[in-house]
Structures are given as structure tokens and as C-alpha cells.
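Taken together, the values in this text are just the output of simple stated rules run on the coordinates, not laboratory data. This one's a predicted model, so the numbers in the text were calculated from it and none came from an experiment. Glycine also receives a Cβ, built like all others from the backbone with ideal geometry; neighbour counts cover every protein chain displayed.
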Amino acid sequence: MTTTATTQDAADLDNSDLLNLVGLFSETEIELRDKVRGFVDARIRPNIADWYENAVFPREIVAEMGDLGLLGMHLHGYGCPGRSAVEYGLAALELEAGDSGLRTFVSVQGSLAMSAIHKFGSEAQKNRYLPGMAKGEIIGCFGLTEPTAGSDPGSMATTATRNDDGSWTLNGAKRWIGLASIADIAVIWAATDEGIRGFLVPTDTMGFTATPIEQKLSMRASIQCDIDIVDVQLPAEAVLPDVRGLKGPFSCLNEARYGIMWGAMGAARDSYEVALKYAQERMQFDKPLSGYQITQQKLVNMVLEIQKGILVAVQTGRLKDAGTLDPIQISVGKLNNCREAITICREARAMLGGNGITLEYSPLRHANNLESVRTYEGTDEVHTLILGRHITGEQAFR
Ligand code: TGC
């Protein structure tokens, strides 16, 4: 008996899914994917060019994302949706097919701010913040990076000093902090006598100021801020009690990096699909661009890398759901999928010719966004060195 596909079967294959990877997902996972895809089609695609051009983060979309169960979606209890890692990944992919800035919102809220509270908070902190954050009624941010501490957060200059009565005084500055100017609560990591610790800082606390960074060429439909922290006074119970040291913030970065490896493939898939459609419709020298060998080679290279990137993400997600995922494996996916996605988006832009530099088409917007995505949560270089350290046993950061 032969297992070779018939011509009819081959014709039915999805041009974006030649390996039929959809067969790797359960009905529940597909249902969730389709729900998020529908949301992106209805709410993000029609508006994203304007949001991007005018540098608008659509605040009104936050509650809609809460209603859809996208906020803290892989967290359990405390009003969180309790979805699997693979479901979270599929949602990230579909959101980023819309725009990286909107996926970043979900990441900062759920994978960073909520996950820090969920992993390391007291019962009182979890009950106070997580249900409202899952609904989108409370917005959170995550302050780790500083003006002079990016790849090396261990060199942070922000300090928290314990006062005689057990309360805390914080001083310092953070940079590139997503959502900070619209956030209600900030998770701020600071150096203390006991190592690095996390603090929950209500953003209306005196001495806390968040200022959006302007004139960005990337992530324009998203907010990133500078934060100044000047003699911020916090009660003893503002500290996250259950972690000390860099493994606290790094554990949260694992969650965000995991979502990114899926999301990047969404931007890549959208760019590929736009380039394919354009090539099939655009006539030059009396035939469609898709009839030229160089165009076909570009499209094939794109779809191969998208399929491989999704396989990497699915395997990583299954390991995460099984509870056996090592952070090293997250670096594999974050590095590979961001690197391939930006190449795909740039190639797609080139295939659109001059039309590709307008916001009428998504690839250059995606490529510009991915400049941020490949930089935050560990640059390509940081993930290369994490993997290099693992395979050689030699640490090459310093
Ligand atoms: P190292 O000595 O390797 O580790 C220090 C401690 O951390 C533990 N650890 C981890 N734990 C959990 N998950 C991980 N992935 C971990 N990696 C390390 C480690 O076991 C150790 O624990 P312990 O108990 O022994 O103390 O630390 P290192 O400083 O040598 O690490 C080097 C390096 C380069 C890997 C690390 O510094 C790194 O990952 N740098 C990149 C940082 C980064 O990704 N920054 C981006 C942050 S994004 C941001 O702040 C803005 S939020 C996004 C937004 O708001 O939009």
C-alpha cells in the first residue's frame, strides 16, 4: 500500500502549511487559534496601518483581549484562563500576524507582569492583582532593563533600601518598559542587601514617573517608556516574597521569550502570504511575478523556514506543557525564529518593490517591529552565547 499523496490531496494543501502542521494540534487548540485569528481580522487588520502611522496603542482593545481570555492565559487560578503553553503560543502567533506591538502587550501583561506576581507573589498580592489583570481592568508592566543595563541586568543601578520600620525606599531608572505610562502596577526589580528583589509599585506612587519614548521606527502601535524612580516609598508588603536573585526576573523572561518564538512566525507567515498574493497578481513583462524562477525560490525559502520555525515552537510548547522545558531550549527558538522571521519579512518587502515601503502592505511594518523583537528579551547575541556556553561549557559573556 502506498502512502503517497494523490494530486488532489497535494492541491488541497494549504500554501502556508505544506507539511500539514495543523494536524499537530488538538481540536481545542485549533478552536482557540481560529478565535484569535478572527479577532485579529476584525479588530487589528483594519486599523493597524493608522495605529502604526500615528503611534497609537489602542487602549480600548485591552478589555476585548481580557474578554477573549488572552491575558495571563497560561496561568492557573486567580481568575486566569489556565490555557496550555501550546494554546498560548498559537494565540501569540495569530496576534503577531496582526502586529508585534499588540502581541507585545499580551506578553508584557501576561508573561512578565502577571507571571512575576503568579510565581513569586504572596497570596494577598495574587488575589489583589491577578483577577483584574486577567480581565484587563488592571494593566501591569515589568521593569528590569535600565539605561545602562540591558543585556547585563545584573549590573542594575536601581536600589531598594530597607528602612528601620521595614518599609522600603527605591531609587533608580528603568528604560524600554512596555506599557509603563498606562500601567496601574509596576513590577520593579531592584538591588538590595539580600540580592535582586521584585517590588510591586502602584504607578501613582509619589516619585514614580513613566515617560513614553517617542520617535520610534519600530513597535509604533505599542508603548515603551523611561521610568524615573526617586525616593519611592513602599510598605514592607510591596516586596515579592518568594524570590531573591536574577533567577526571579529571568524566570519571567523565559515565559516572554517562549511566546516570542511563536509570535515571530506569525509576522513571517503574514509577510509570506502578502508576498505570495502580490506575486500572483502583479504582472511584469507579460506574466505574473510568481511565474519567475527567482520569485518562486524566494517564496519557497520563506515557507520552508516558517514550517521549520513552527515545528520548533510546537516541540518547545509540548515540552513546556509536559513540565520538562529547559531555558536553553527557549533560546533555540527565540534565536532561530526571530532571525528567520526578520529575513522573511525583509525579503517579502523587496518582492513588493516600491509598494512595499507603504503601510498598505504589512511586511516592512513587521520587519521594523522585529528589530525590537530580536533585541528585547535577549538579543540574538545573548541567546547565541547562552547556547554557546551550554554546548562548549565555556562562558563567553565577559
Ligand atoms: P547567570 O549567572 O547565568 O544566572 C544568574 C542566576 O539566574 C539563573 N538563571 C535563570 N533562571 C531561570 N531562567 C533562566 N533563563 C535563567 N538564566 C539564568 C541562574 O541559574 C542563576 O541563578 P542562581 O540561583 O545561581 O543565582 O547570570 P548572568 O548574568 O551571567 O547571565 C548572563 C545572561 C547574558 C544569560 C543574562 O544576563 C541574560 O539573559 N541577559 C539578557 C537579559 C534580557 O533578556 N533582557 C531583556 C529584558 S526585557 C525588559 O526589561 C523590558 S520588558 C519588555 C517590555 O516591557 O516590553
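Using the 10 angstrom Cβ neighbour count as an exposure proxy, how do Lys287, Lys126 rank, fewest first?
Arranged by neighbour count, lowest to highest, Lys287, Lys126 become Lys287, Lys126.
How much mean residue ellipticity at 222 nm does the chain get from its helices, if each DSSP H run of length 4 or more adds -39500 (n - 2.57) and you divide by all residues, to the nearest 500 deg cm²/dmol?
Rounded to the nearest 500, it is -15000 deg cm²/dmol.
Using just the alpha carbons, could you tell me how many Å³ per residue the convex hull of segment 313-398 encloses?
116
Just need log10 I(q)/I(0) for segment 109-159 at q = 0.24, 0.29 Å⁻¹, Debye formula, equal scatterers on the alpha-carbon atoms, no solvent, rounded to two decimals.
For segment 109-159 at q = 0.24, 0.29 Å⁻¹, log10 I(q)/I(0) is -0.85, -1.00.
Taking the Cβ of each residue in Val187, Val230, Val36, Val332 as the centre, tally the other Cβ atoms inside 10 Å and list the residues starting with the fewest.
Result, fewest neighbours first: Val230, Val332, Val36, Val187.
What do you get for the angle between helix 123-135 and the principal long axis of the chain? Use alpha-carbon atoms, 0 to 90 degrees, nearest ten.
That helix lies at roughly 30 degrees to the long axis.
Take the alpha carbon gyration tensor of segment 107-201, find the square roots of its eigenvalues, order them as a ≥ b ≥ c, and report rounded if a/c is under 1.5; if not, report prolate when a/b exceeds b/c, else oblate.
Oblate is the answer for segment 107-201, as a/c is 1.5 or above yet b/c matches or exceeds a/b.
Report the one residue of Gly353, Gly248, Tyr258 whose Cα lies farthest in the direction of the positive end of the charge dipole of the chain (charges on C-beta: Lys and Arg +1, Asp and Glu -1; origin at the Cα centre).
Gly353
So how far apart, in nm, are the two label points at Thr343 and Glu394 if each is 7 Å from Cα heading toward Cβ?
Reported label-point gap for Thr343 and Glu394 is 2.5 nm.
Return a whole-number percent for the relative contact order of the chain, with Cα pairs under 8 Å and 6 or more residues apart as the contact set.
Here the relative contact order equals 17 percent.
Taking the Cα atoms of segment 285-331, what is the range of coordinates along each of the three principal axes, in descending order and whole Å?
Principal-axis extents of the Cα atoms in segment 285-331, largest first: 56, 16, 8 Å.
Roughly how large, in nm² to one decimal, is the mean projection of the convex hull of the alpha-carbon atoms in the chain?
Computed as one quarter of the Cα hull surface, the answer is 22.1 nm².
Could I have the simple spin-label model distance between Ile294 and Ser251, label points 7 Å from Cα toward Cβ, reported in nm to one decimal?
That separation, rounded to one decimal, is 5.3 nm.
What ranking do Ile391, Ile139 get, fewest neighbouring Cβ atoms within 10 angstrom at the top?
Exposure proxy ranking, most exposed first: Ile391, Ile139.
Using a simple charge model, +1 on the beta-carbon of Lys and Arg, -1 on the beta-carbon of Asp and Glu, nothing else, what dipole does the chain show about its Cα centre, in debye to the nearest 20?
The dipole of the chain has a size of about 580 debye.
Between Asp242 and Thr324, what is the spin-label point distance in nm, taking each point 7 Å from the Cα along the Cα→C-beta axis?
Computed distance between label sites Asp242 and Thr324 equals 2.5 nm.
As a test of understanding, state the convex hull volume per residue of segment 245-363 from its alpha carbons, in Å³.
102
Pulled fully out, how much extra length does the chain show between Asp165 and Thr209, if you take 0.36 nm times their separation in residues and subtract their Cα-Cα distance?
Here the segment from Asp165 to Thr209 would lengthen by 13.3 nm.
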